1. Express in whole angstrom the spacing between the alpha-carbon centres of region 89-158 and region 1-64.
2. Gain in length, F79 to I138, computed as 0.36 nm per residue apart minus the alpha-carbon separation, to one decimal in nm?
3. For region 57-74, take each phi angle, set θ = phi - 60°, evaluate the Karplus expression 6.51 cos²θ - 1.76 cosθ + 1.60, and give the result in whole Hz per residue in order, putting x for glycine and proline.
4. What distance in nm separates the simple spin-label points at L32 and I110, each placed 7 Å from Cα in the Cβ direction?
5. Expressed in nm to one decimal, what extension gain is obtained for the pair S125 and V25 from 0.36 nm per residue of sequence separation less their Cα-Cα distance?
6. I'd like to know how region 42-118 sits against the 2.2 N^0.38 Å rule of thumb: what's its Cα Rg over that expected value?
7. Starting from region 54-89, pick out the chymotrypsin sites (Phe, Trp or Tyr not before Pro) whose DSSP state is loop and whose Cβ has at most 13 other Cβ atoms within 10 Å.
8. Apply the Kirkwood formula to the chain: the hydrodynamic radius equals the inverse of the mean of 1/r over all pairs of different alpha-carbon atoms; give it in Å with one decimal.
Amino acid sequence: MEGIRKGLDKLILFICVVLFMLMTVVGTYQILVRYVFKSPSTISEELISYSFAWMSMFAASYIFGKRDHMRMVFFIEKFTKNAQRTVAIITEIVILLFALGVLVGGGSYITSLSMTQMTPALKISMGYIYLVIPVCGIMTSIYSVLNIVDLMKNLKEA
């Protein structure tokens, strides 16, 4: 299980680093052509926007995998350790249901629905842009299952 988590972590971090580097290079290009050559680029603006959306989705999956997302711990900390783990398991199940239902199910639907729509500047299918939603939904689902297994293991050890 730990091998799956580490592999997924490395993959997501690699994708995020590549997207961030792409956004930096394209942003620099955009500034250069706009202010130095007085010829703004619409392609670069669109590419940066879609890259940022993709990076945000992958980063969100990574954060859920690390269980570093925002939580209201002041309320949960009043419970016993076993109750805290039980609430954590329930939370992970809710995240798993959301990821499967909304991200994978809804994301797949919107991806297939928008395959014929083209982006204005890049002239690629919007379906490819929306593809990040079900992909990250699958990754978040895998992380949720791994987190549930880890929490169950800790529940039995306590």
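1. 19 Å
2. Stretched fully, the F79-I138 segment lengthens by 18.1 nm.
3. 5, 5, 5, 5, 4, 4, 5, 5, x, 7, 6, 9, 5, 5, 9, 9, 7, 4
4. 3.4 nm
5. Gain in length upon complete extension: 33.7 nm.
6. Taking the Cα Rg and dividing by 2.2 N^0.38 Å, one obtains 1.53.
7. Loop-located and lightly packed - F79.
8. Computed over Cα pairs of the chain, the Kirkwood hydrodynamic radius comes out at 17.8 Å.
No lab work stands behind these numbers, since they all come straight from the coordinates. As the structure is a prediction and not an experimental result, all values here were calculated from the model. Cβ coordinates were reconstructed from backbone atoms using ideal geometry, including for glycine residues, and neighbour counts include every protein chain displayed.
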